[in-house]
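The values are calculated or read from the model by the stated rules, or taken from the named source; none is laboratory data. Only a predicted model underlies this, so the values are computations on that prediction, with no experimental measurement involved. These area figures cover heavy atoms from the full protein model, side chains too; ligands, DNA and RNA do not enter into them. Shrake-Rupley method; radii C 1.70, N 1.55, O 1.52, S 1.80 Å.
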Amino acid sequence: MVVMFISDFPPTMPPPADHEIHVYMLELLEHDKTVLNLIKLIGKGQDQKPINLDSYRATRDLSGRLHIDITRDSSGRFRVYLNRKMVMDV
């Protein structure tokens, strides 16, 4: 599961190959449902590279109903809350 929450292009339209994208996303991988990754994706076309900003490992599978909040302040600091508990501060 990937949730893009900040992007410089509409999610329904892929950017042109020569456009450098900047996307922030939260990722939960299928093979390890205990880890949330906060990722920044930057680059052009095939040269896009993910930068892992922070990770959180839960003590149980993150499946079922979850409440996730992501905030960003004016200095660019992200806070990720899982079921109202802060799990990332980066």
Could you check how much of the accessible area of the chain is carbon and sulfur, as a whole percent, using a 1.4 Å probe? 51 percent
Could you tell me what a quarter of the Cα convex hull surface of the chain works out to, in nm² with one decimal place? 6.6 nm²
How many Å² of accessible area per residue for the chain, probe 1.4 Å? 68 Å²
Using a 1.4 angstrom probe and counting only protein chains, how large is the accessible area of ARG77 in Å², to 10? 100 Å²
Taking a ≥ b ≥ c as the square roots of the eigenvalues of the Cα gyration tensor of the stretch 34-85, is the shape rounded (a/c under 1.5), prolate (a/b larger than b/c) or oblate? oblate
